[in-house]
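First up is the structure itself, then whatever we jot down about it.
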Amino acid sequence: MLKTRARTTTRNTCGFCFLVFTLAGLAGCSSEPPAKQAAAPADKIHGKAEIHLNETTALDAALNAGGPSVYLVDGLNRYRLFFNKAFQVEAGKQYMAEGVYAQKAIDAIGDPDQGKNGYPLQSSCDRVVRMAWPGLAFDVTDSDTTSLRAKVKRYPARPVFLVTQIQPVTSAADSAKQKKETGAGEEEAPVVPVPADKQRALLIEGPTVLTAPLWERGGGTARCKVVIDEEGKIAELNSGSQLCETVPWSQFRYKPTVKSGHPVRVNTEIEVRFDPRK
């Protein structure tokens, strides 16, 4: 009799547990799935293309669909472009590119180094590559990640841009539209060359002596080719030196240059000294 009761109790207990688990399962099935996180909007840059055949290395080619080194120059910004598939880019033409600005994405991910000093984590670079080019084979992603980290580590001051698509600016209307979207200026004044020593005498303010950055402690002197706009502010940087790319050009101001009674833009060279870091 006791055995019969025990069996009955066991069956009832099991049935109760089964009912509980079944109801829990149904409740889980009826709940809404978590909302899918929206993809981050693509970064957009606009500028004039530069191609440097002599700069291309095996490391560059591995992250650049086998093509040459390509830059887009937009004022003081000089973006190094990388592609996961070949694009036809001609030097001197204006382009609009979409993709992922690597250093900015690394900062957003929360790399402990925040992308500073050229030492981003391998995992951060891996996520950036996957953001720009999802669906690549594992070995290709690993190779691109290693190449990206090496590039950012060696050139921390140079913006690296992973391109998803790029198209030429084909008309004046397109150019105006692209400039509006990217914050570029209106029609520019004529550019005149001015020797470095003559331009130096027009300097109102700007740090021409700086402390060497952590990644180049020895310092040195950088001769930076720039364009100064009609208001005496630095508008374009045309130097490939990374030291030039670290100068806070927004702090420079010159007495405007006037020709035939009208302000003009100036093509010149500015010398900045970097004292060794102790």
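The values are calculated or read from the model by the stated rules, or taken from the named source; none is laboratory data. Being a predicted model, the structure only gives us computed values, none of them experimental. Note: ideal-geometry Cβ built from the backbone for every residue, glycine included; neighbour counts use all protein chains shown. With ligands, DNA and RNA removed, areas are computed over all heavy atoms of the protein, side chains included. Shrake-Rupley method; radii C 1.70, N 1.55, O 1.52, S 1.80 Å.
Here is a yes/no grid of residues against (1) without any contact (Cβ under 8 Å) to a residue 24 or more places away in the chain; (2) open to solvent by 70 Å² or more (accessible area, probe 1.4 Å); (3) farther than 28 Å from VAL247 by Cβ; (4) within 14 Å of the chain's Cα centre (by Cα):
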{"site": "LYS85", "(1), (2), (3), (4)": "yes, yes, yes, no"}
{"site": "ALA102", "(1), (2), (3), (4)": "no, no, no, yes"}
{"site": "GLY135", "(1), (2), (3), (4)": "yes, yes, yes, no"}
{"site": "SER147", "(1), (2), (3), (4)": "no, no, no, no"}
{"site": "GLN167", "(1), (2), (3), (4)": "no, yes, yes, no"}
Query raised in the report: Of (1) more than 15 Å from LEU210 (Cβ to Cβ); (2) loosely packed, with under 15 Cβ neighbours inside 10 Å; (3) touching a Lys or Arg at 6+ places or on another chain (Cβ under 6 Å), GLU271 satisfies all except one. Which?
Result: (1)
**Report entry** Single match in THR221, THR257, THR208, THR182 (criterion: modelled with pLDDT under 85 and among the β-branched types (Val, Ile, Thr))
**Finding:** THR182
Report task. Scan segment 69-78 and give yes if some residue there is surrounded by 17 or more Cβ atoms within 10 Å (Cβ to Cβ) and among the acidic types (Asp, Glu), otherwise no. Result -> yes
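Among the residues of segment 224-247 satisfying the criterion of being open to solvent by 40 Å² or more (accessible area, probe 1.4 Å) and closer than 15 Å to ARG273 by Cα, which is modelled with the highest pLDDT? Quick ask: steps written out before the conclusion?
First, the residues of segment 224-247 that are open to solvent by 40 Å² or more (accessible area, probe 1.4 Å): 225, 230-231, 233, 236, 238, 240-241, 246.
Add one more test, that the residue is closer than 15 Å to ARG273 by Cα, and what stays is 225, 241, 246.
Numbers: LYS225: 93, SER241: 80, THR246: 87.
Per the stated criteria, the residue is LYS225.
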